[in-house]
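Just so you know, all these numbers are worked out from the coordinates, no wet-lab data involved. No experiment lies behind these values; they were computed from the predicted model shown. Reconstructed Cβ throughout: ideal geometry from the backbone, glycine too, with neighbour counts over all protein chains shown.
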Amino acid sequence: MITAISASGSAGLATTPQPAVLSYADAATVWLLSWTGNDDNVIAAKMGTNVGRVADILAENTYVGSRVNAERMRNARAAMMQR
């Protein structure tokens, strides 16, 4: 894709960064962010990925079990805070 022509007349090519592939640990973070009230598009921006990947995690199409892992993380943190 040609984005602009510089003053010298040469065209610059735009490089579109590829959305980050999220890991299983990232998927748990997506759940935690969702539970704290973040919208899918905000989560995607924070994680450096696209909304579709976030939606797939929250629909449990990818990283099945990440919700349970996130619940464990949340419960463990709550237990530590009570000490």
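Tabulated results
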| item | result |
| --- | --- |
| Shape of segment 32-83, Cα gyration tensor, a/c cut at 1.5 | oblate |
| Net charge of Cβ neighbours under 12 Å - reference MET47; Lys, Arg +1; Asp, Glu -1 | 0 |
| Karplus (6.51, -1.76, 1.60) ³J(HN,Hα), θ = phi - 60°, over segment 58-63, in Hz, Gly and Pro reported as x | 5, 8, 6, 7, 10, 6 |
